[in-house]
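Chemist: Pasting a structure below so you can have a look.
Readers should treat all values here as calculations from the given coordinates under stated rules, not as data from a laboratory. These figures come from a predicted structure and were not determined experimentally. Glycine also receives a Cβ, built like all others from the backbone with ideal geometry; neighbour counts cover every protein chain displayed.
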Amino acid sequence: MNRLLIRPGAIGDCILSFPALEYQKADYTEVWIPSALAPLVQFADTVRPLAACGIDLLGVGDLEVPAPLRERLARFDEIVSWYGFKRPEFRAALEDINPRCVFHAALPDGRVHAVDFFARQVGAPDGLCPRLRFSPVSIRREAVVIHPFSGGRAKNWPLDRFRGLADGLAEQMPCAVEWIAGPEEQLEGALRFESLRDLAEHVSGARLYIGNDSGITHLAAASGVSTLALFGPTEPEIWAPRGENVTVLREEPLENLPVRVVLSAASRLLGSSP
């Protein structure tokens with residue numbers, strides 16, 4: 001069985017679907033996914049950046065599908081796509097090339113947790129966790145990693161609260177605080193990484209990660225590090241990071257979450273972590 005899995009989406013959405021993707025591993029498995037996430041897909045035989053595949057050409061007016069793309073799509077025994085679920089013209093174009101297609105919604109509906117929603121789409125059991133597998137960390141750092149950003153302003157705990165939290169941690173614990181940020185996030189002195197895999201490997205060696213409801217928080221949870229996730233308007237029952245070492249604090253609006261509450265939770269987690 002040769003199977004192609006096509007998965008668009010933001011960092012967190014894709015990571016939540018990783019168990020469903022891996023459940024469909026076949027004799028040969030190829031994954032097309034956003035380029036930033038490609039280094040995180042560890043189970044596939046081939047991983048290709050979605051933007052470089054040309055899949056966006058399907059079903060667009062009278063555009064002719066390039067022969068190499070048509071030939072590549074035709075050779076799979078099955079194509080499972082979360083791309084184009086709501087685009088009948090795309091689905092028709094893909095099925096014209098390869099009729100052995102299955103299409104799934106790329107975002108959950110209803111009240112079920114996103115990981116279980118994606119798992120049920122492919123017949124996988126509930127309760128799975130996204131897991132990134134790295135070589136064992138030889139030296140764990142006495143460090144707390146903080147990423148104070150997200151994709152939406154309402155999901156961000158104010159930066160001055162994070163700074164107050166960092167000051168409190170410095171007073172209570174012999175841990176260094178490491179701030180991290182993405183390429184377009186403004187934070188002086190923050191660590192930045194070339195790839196999400198490099199970031200995940202770095203975070204996995206810390207004692208604790210603290211962040212908002214963001215893709216990087218899902219990445220941290222999947223790396224296995226103890227994770228403290230701060231939620232505001234988003235429902236944790238659906239969107240919380242899934243993992244054995246995840247703690248969620250929620251307050252709506254998020255700016256009303258007191259520093260002392262987060263500091264207390266962080267101190268408790270640091271006290272219980274190895």
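Chemist: For the pair residue 42 and residue 153, how long in nm is the line joining their label points, each one 7 Å along Cα→Cβ?
Modeler: Between residue 42 and residue 153, the simple spin-label model gives 3.8 nm.
Chemist: Same structure, new question: Let me have the relative contact order for segment 143-272, percent, based on Cα pairs under 8 Å that are six or more residues apart. Don't skip to the answer; put the middle values down first.
Modeler: Values: 226 pairs, mean separation 36.3, N = 130.
After rounding, I find 28 percent.
Chemist: Relative to the first principal axis of the alpha-carbon coordinates of the chain, what is the inclination of helix 159-172, with its axis defined by its Cα atoms, in degrees from 0 to 90 and to the nearest 10?
Modeler: 50
Chemist: Before anything else, pin down the relative contact order of the chain: Cα pairs under 8 Å, at least 6 apart, normalised by residue count, whole percent.
Modeler: Details: 507 pairs, mean separation 49.8, N = 274.
Reported as a whole number, the value is 18 percent.
Chemist: Okay, next question. Net charge near residue 48, counting Lys/Arg +1 and Asp/Glu -1 over other residues with Cβ under 15 Å of its Cβ? Please report the intermediate quantities before stating the final value.
Modeler: On the way: positive: 3, 7, 72, 75; negative: 30, 45, 56, 71.
Around residue 48, the surrounding residues sum to 0.
Chemist: Compute the helix-to-body angle for 88-97: its Cα long axis versus the longest principal axis of the chain, expressed 0 to 90° and rounded to tens.
Modeler: It works out to around 60 degrees.
Chemist: Identify the chymotrypsin sites (Phe, Trp or Tyr not before Pro) of segment 94-149 meeting these criteria: DSSP loop state and at most 16 other C-beta atoms within 10 Å of the C-beta. Show your work: numbers first, answer last.
Modeler: Details: sites: 103, 117, 118, 134, 149; in loops: 134, 149.
Here the sparse-neighbourhood loop sites are 134.
Chemist: Right, here's the next one. How far is the Cα center of segment 225-274 from the Cα center of segment 196-219, in Å?
Modeler: First find each Cα centre; the distance between them is then 14 Å.
Chemist: Pick out, in residue order, every one of the GluC sites (Glu not before Pro) in segment 176-264 that is DSSP loop and has at most 10 other C-beta atoms within 10 Å; say none if there are none. Can you show the working numbers first?
Modeler: On the way: sites: 178, 184, 185, 188, 194, 201, 237, 244, 251, 255; in loops: 184, 185, 188, 194, 244, 251.
Of the GluC sites (Glu not before Pro), the ones in loops of segment 176-264 whose Cβ has at most 10 other Cβ atoms within 10 Å are 184, 188, 194, 244.
Chemist: Give me the number: length gained by fully extending residue 96 to residue 28, i.e. 0.36 nm times residue separation minus the C-alpha to C-alpha distance, one decimal in nm.
Modeler: Between residue 96 and residue 28, full extension yields an extra 22.2 nm.
Chemist: Suppose only helical runs count, i.e. DSSP H with n ≥ 4. What mean residue ellipticity at 222 nm does that imply for the chain under -39500 (n - 2.57) per run, divided by all residues and rounded to the nearest 500 deg cm²/dmol? Display every interim value, and only then the final one.
Modeler: Numbers: 9 runs with 89 residues, N = 274.
-9500 deg cm²/dmol, from helical runs alone.
Chemist: What residues have an amide H closer than 5 Å to that of residue 248, excluding those fewer than 5 places away on the same chain, when H is modeled at 1.01 Å from N in the peptide plane?
Modeler: Amide H neighbours of residue 248: 229.
Chemist: What are the trypsin sites (Lys or Arg not before Pro) within segment 44-87 that DSSP puts in a loop, where the Cβ has at most 13 other Cβ atoms within 10 Å?
Modeler: Filter output for segment 44-87: 75, 86.
Chemist: Let me ask something else about it. What is the set of long-range amide H partners of residue 178 at a cut-off below 5 Å, with H atoms built 1.01 Å from backbone N?
Modeler: Amide H neighbours of residue 178, under 5 Å, 5+ apart: 144, 145, 146.
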